[in-house]
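Notes follow once the structure below has been shown.
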Amino acid sequence: MNADTHITQRGRSRRGRLTRHNAPQATPIYQRRNIPAYDLLKDTALARIETQADWILEHIGVEFRGDGIALGLLAEAGAQVDGPRVRFAPGLARQLCATAPAEFQLHGRAPARTVTLGGDNLVLMPGYGSPFVSDLAQGRRYATLADFANFVKLSHLSPALHHSGGTVVEPTDVPVNKRHLDMMLAHLTLSDKPFMGGVTSAQGAQDSIDMARIAFGAGFLDSHAVMQANINVNSPLIYDETMSGALRIYAAANQCVCISPAIFAGAMGPLSPAAVAAQTLAEAMAGIALAQLVRPGCPVVFGSFHSSMNLRSGALTFGSPEANLATMAITQLGRRLGVPVRSGGGQVTASNAPDGQAMQDSAGAMWATLLSGGHQVWHAAGWLEGGLVMSYEKFIMDLDHCGAMLKMLQGFTVEDEDFGRDAYGEAGPGENFLSTGHTLRHYTTANYEPQIPDAGPYETWEENGRLTADQRATARWQQMLAEYQPPPMPDSTRTALNDFVAKRKAAMPDEWY
């Protein structure tokens, strides 16, 4: 039985085998929001931020270092190019972004896993880029390829995640120049959800696209986006040749380009939320413009990764009110630009353990991200230590919060059945409603049910060893991995992917830095 249909009997204990609530579903839960996005700023305030972004692009400019092709494309489009520095007349960058789609599909290897970015749709994915992992049994350690595979499997099994992620962790036991091959192989064979490809070299980007063509069919990618590229701006205001080169490769192949300025307020730009929002918009429009010049209509995501800082120590802070306000504003700016938005946030934290601080930081950042109407959320599960660590336990704790937030975004209906009038005929004043027909009709679906077993009353909790939430999460991720089954893939496709990886690895020496 494959992972898509592996659903065990109803009614089994949540401490036992996987139930229908946590086994992978044919369609991941809740991909659309039914409550309106919250608009923090009025149009006049947003227009002032957009004017500031145009000022940055006109008077300061953005540098594209080491990429003559990008500079040539931008110059032909009317930008002023002076060495690596590119300046845009007011309105030009926005005009060049206009061919980007407001909404598009990102196809999974299984059609039921296909997601839509834009509109009222929402896509959650796990953390990205951590060089370390941690769990309660083995502690903090360098991530390996086995850890990478584990998190791809956990993401595949998680209905609250719609996307397999990208560099979920850095597999440090694999040479740097070959990691993208093993990571792509894991995404393509261990999951059938959408994913991200390699971007740390032009060859890595091309290898990723070539492997996707093997998995999806050579011609499919020309008209269908199946993967994304995380293009990090080297904020403030720099695209290096690695990022702009990868951007061009993915855009030329019609694959989704995610432009992600990374502004730590007070370090990579001025420290106010208004300044962070304006600089983020300026940097993102420059990258989106380049993607559209490479291939008009190429799908893009306007991303951001921003945080505030402890201005006494210089340490990064997450889930702060200032960062959350910037998240809300950036989402509005992206909607006005007319492209899907990945706005800040996710379940991010500076905490060193999956503790109260971690969940408080994460909840604050996630609320701002989801309520503001963002379309894609990175770092939705697992993030610790400002992204240095991917925690197995926090991954599971975050999944429960993701599920709860997704349920909340559905709102509620007010149909006749919702009011349960018949129940009042069965249970009058002073009587309980637990055995009424209305309760029995809806009790299995009425409330969101977390997958970490609850602790029960104090006496039961004490008898069971006083296990905290992170300790109970340990048993959950171990159980999920023990019962994981890979999604189906034709043997010929798997063989072709393995052969491609083997040939590419044999063609280059190991490089460890």
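The values are calculated or read from the model by the stated rules, or taken from the named source; none is laboratory data. Since we're looking at a predicted model, the values are computed, not measured. Neighbour counts run over all protein chains shown; Cβ positions are idealised from the backbone, glycine included. Just so you know, the surface numbers come from the protein's heavy atoms only, side chains and all, with ligands and any DNA or RNA stripped out. Shrake-Rupley method; radii C 1.70, N 1.55, O 1.52, S 1.80 Å.
If you go through the stretch 310-322 one residue at a time, do you hit one that is out of contact with any Cys (no Cβ under 7 Å at 6 or more places or on another chain), at negative phi and basic (Lys, Arg)?
So the first thing to find is which residues in the stretch 310-322 are out of contact with any Cys (no Cβ under 7 Å at 6 or more places or on another chain), and the list is 310-322.
In the following step, the residues that additionally are at negative phi were identified as 310-313, 315-318, 320-322.
Cutting the leftovers down to basic (Lys, Arg) gives us 312.
The answer is yes, given that some residue of the stretch 310-322 is out of contact with any Cys (no Cβ under 7 Å at 6 or more places or on another chain), at negative phi and basic (Lys, Arg).
Consider residue 87 carefully, then state whether it is under 25 Å from residue 331 (Cα atoms), modelled with pLDDT under 95 and of a type outside the set (Asp, Glu).
Here the answer is no, as residue 87 does not meet what is asked.
Quick grid of which residues meet (1) over 28 Å from residue 370 (Cα atoms); (2) open to solvent by 80 Å² or more (accessible area, probe 1.4 Å); (3) modelled with pLDDT under 95; (4) more than 25 Å from the chain's Cα centre (by Cα):
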| residue | (1), (2), (3), (4) |
| --- | --- |
| 427 | yes, no, no, yes |
| 440 | yes, yes, no, yes |
| 444 | no, no, yes, yes |
| 454 | no, yes, yes, yes |
| 464 | yes, yes, yes, yes |
| 486 | yes, no, no, no |
| 504 | yes, no, no, yes |
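Do you know which of the residues in the stretch 234-247 that are open to solvent by 50 Å² or more (accessible area, probe 1.4 Å) and not charged (D, E, K, R) is farthest from residue 190 (Cα to Cα)?
Selected residue: 236.
Look through 425, 456 and report the one residue that is at positive phi and of a type outside the set (Lys, Arg).
Exactly one of 425, 456 is at positive phi and of a type outside the set (Lys, Arg), namely 456.
What tally of residues in the stretch 282-324 results from selecting those that are farther than 30 Å from residue 357 by Cα, out of contact with any helix residue (DSSP H, G or I) (no Cβ under 7 Å at 6 or more places or on another chain) and surrounded by fewer than 24 Cβ atoms within 10 Å (Cβ to Cβ)?
2
Quick one: which helices (runs of 4 or more DSSP H) lie wholly within the stretch 333-423 and hold at least 1 residues that are buried (at least 24 other Cβ atoms within 10 Å of the Cβ)?
356-371, 392-408
For the stretch 445-478, enumerate the residues that are touching a residue at least 60 places away in the same chain (Cβ under 8 Å) and over 19 Å from residue 353 (Cβ atoms). Talk me through it step by step, then tell me what you get.
Initially, the stretch 445-478 is screened for residues touching a residue at least 60 places away in the same chain (Cβ under 8 Å), giving 449, 451, 453, 469-471, 473-477.
Scanning the stretch 445-478 gives 449, 451, 453.
Looking at 449, 483, 463, can you tell me which residue is over 30 Å from residue 113 (Cα atoms) and either touching a Ser or Thr at 6+ places or on another chain (Cβ under 8 Å) or not aromatic (Phe, Trp, Tyr) (or both)?
Going through 449, 483, 463 in turn, just one is over 30 Å from residue 113 (Cα atoms) and either touching a Ser or Thr at 6+ places or on another chain (Cβ under 8 Å) or not aromatic (Phe, Trp, Tyr) (or both): 463.
When the residues of the stretch 248-270 are filtered to those that are in a helix (DSSP H, G or I) and open to solvent by 40 Å² or more (accessible area, probe 1.4 Å), which remaining residue is farthest from residue 49 (Cα to Cα)?
Filtering first and then ranking leaves 252.
Within the stretch 223-256, can you find the residues that are more than 19 Å from the chain's Cα centre (by Cα) and closer than 20 Å to residue 162 by Cβ?
Result: 224, single match.
Go through the stretch 434-482 residue by residue and tally those that are charged (D, E, K, R) and in a loop (DSSP other than H, G, I, E, B).
Within the stretch 434-482, the first condition is being charged (D, E, K, R), and the residues that meet it are 441, 449, 454, 459, 462-463, 466, 470, 472, 476.
Then keep just the ones that are in a loop (DSSP other than H, G, I, E, B); that gives 449, 454, 466.
Of the residues in the stretch 434-482, 3 are charged (D, E, K, R) and in a loop (DSSP other than H, G, I, E, B).
Select from the stretch 271-308 the residues that are part of a loop (DSSP other than H, G, I, E, B) and closer than 13 Å to residue 323 by Cα and list them in ascending order.
Filtering the stretch 271-308 for residues part of a loop (DSSP other than H, G, I, E, B) gives 271-272, 295-299, 304.
Within the stretch 271-308, 271, 272, 304 meet the criteria.
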